[in-house]
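Student: Below: one structure in structure tokens.
The values are calculated or read from the model by the stated rules, or taken from the named source; none is laboratory data. This one's a predicted model, so the numbers in the text were calculated from it and none came from an experiment. For accessibility, only protein heavy atoms count, side chains too; no ligands or nucleic acids. Shrake-Rupley method; radii C 1.70, N 1.55, O 1.52, S 1.80 Å.
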Amino acid sequence: MKYTPPLQSATLLKRYKRFLADLELSDGTTFTAHCANTGKMTGCADAGFTAFYSTSSNTKRKYPQSLELTQNNVSQLICVNTAIANKVVEEALNNGVIDELTGYQHIQSEVKYGSENSRIDFLLTHSSKANCYVEVKSVTLLSEDHPQSGQGYFPDAQTVRGQKHIRELIDMVKQGHRAVLLFAVLHQGITQVSAAVHIDPTYAQLLSEAIEQGVEVLAYKAHISASEVTLIEKVPFID
């Protein structure tokens, strides 16, 4: 997914009220940008980080700028706009980047399904194959204790919604479909992914149960720059 025009840079002053971030330009001008991320953003939004932002042409927006990327103190880029995960996954599905999810005739997004009033991120279908339900999660939490390990975790906060999604995927497998949980790694420092049992043990336990029931788990990492974010390579998921 390309940023057109390329993102502009500033310094992150603070992120607050979940959806707002104050940025400062090199000339000292400050402004508030929208932050499309409901998570804790641990290690992704420290004061002093370089921030990259886009500017909307929609004149009705209260905050025309959107925080898209941050760069930590060791120069690792992080995509903090969680809406980007589905966009780069859709692009990767269409381009055949995810080997395990090729060979389907149709790709649908945001399809209602399940017994808990959910929407699946992507439904892949083929006339001669079982339907494939793909749930996408953005991974940006790098181990705070051992950042050099490249260990990434999901979730970064307790997620009742995420637990529901796992239950729905398990149900799809029981109904004879294929179900895949796809972790989109949007942090340059992350080289492997695990469930964050230290943050949400219920989610971690559900995920282990899902794997035993036949839910597949994949993790793919993105190339990140101020001009594009693109899924490029598979990385290990460690249960």
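Student: What is the extension gain from residue 192 to residue 233, computed as 0.36 nm multiplied by their sequence separation minus the C-alpha to C-alpha distance, in nm to one decimal?
Tutor: Additional length available on full extension: 13.6 nm.
Student: Based on Cα coordinates alone, diagonalise the gyration tensor for the chain, multiply each eigenvalue by 5, take square roots, and list the semi-axes in whole Å, largest first.
Tutor: They are 31, 20, 16 Å, listed from largest to smallest.
Student: Pairs to check: 14/221; 17/60; 137/221; 87/174; 137/164. Give those whose C-alpha atoms are more than 19 Å from each other in this structure.
Tutor: From the list (14/221; 17/60; 137/221; 87/174; 137/164), the Cα-Cα distance tops 19 Å for 14/221; 17/60; 87/174.
Student: On to the next question. Suppose the chain between residue 58 and residue 205 were pulled fully straight at 0.36 nm per residue; how much longer would it get relative to their current alpha carbon spacing?
Tutor: Separation in residues times 0.36 nm, less the Cα-Cα distance, equals 48.6 nm.
Student: Quick one: compute the contact order of segment 14-122, relative version, from alpha carbon pairs under 8 angstrom and 6+ residues apart, as a percent.
Tutor: 17 percent
Student: Would segment 51-183 count as rounded, prolate or oblate if I go by the C-alpha gyration tensor, calling it rounded below 1.5 in a/c and otherwise prolate when a/b exceeds b/c, oblate otherwise?
Tutor: Prolate is the answer for segment 51-183, as a/c is 1.5 or above and a/b outweighs b/c.
Student: Go ahead and estimate [θ] at 222 nm for the chain from helices alone: -39,500 (n - 2.57) per DSSP H run with n ≥ 4, summed, over the residue count, rounded to 500.
Tutor: Per the formula, -5500 deg cm²/dmol.
Student: Next up: May I ask for the angle, rounded to the nearest 10°, between helix 160-174 and the longest principal axis of the chain, with both axes built from Cα atoms and the value confined to 0 to 90°?
Tutor: The helix 160-174 is inclined about 30 degrees to the chain.
Student: Once ligands and nucleic acids are excluded and a 1.4 Å probe is used, how much of residue 232 is accessible, expressed in Å² to the nearest 10?
Tutor: Near enough 100 Å² of accessible area.
Student: Okay, next question. Sort 112, 234, 221 by heavy-atom solvent-accessible area, probe 1.4 angstrom, most to least.
Tutor: 112, 234, 221
Student: For segment 116-182, what is one quarter of the convex hull surface built on the Cα atoms, given in nm²?
Tutor: Directional mean of the projected Cα hull area for segment 116-182 stands at 5.8 nm².
Student: When only the heavy atoms of the protein chains count and the probe is 1.4 Å, how do 126, 106 rank by accessible area, highest first?
Tutor: From most accessible down to least: 106, 126.
Student: May I ask for the angle, rounded to the nearest 10°, between helix 83-94 and the longest principal axis of the chain, with both axes built from Cα atoms and the value confined to 0 to 90°?
Tutor: Approximately 50 degrees, to the nearest 10.
Student: Let me ask you something else. Let me check against my output: what whole-number percent is the relative contact order of the chain, with C-alpha pairs under 8 Å and at least 6 apart?
Tutor: 17 percent
Student: So in the chain, what percent of DSSP beta bridges are antiparallel if you round to the nearest 5?
Tutor: 65 percent
Student: Let me ask something else. Accessible area of residue 237, 1.4 Å probe, to the nearest 10 Å²?
Tutor: Using a 1.4 Å probe on the heavy atoms, I get roughly 40 Å².
Student: Further question: Given 20 °C and 1.002 mPa s, compute D for segment 96-148 with the Stokes-Einstein relation, Rh being the Kirkwood radius over Cα pairs; round to the nearest whole µm²/s.
Tutor: In µm²/s, the coefficient is 160.
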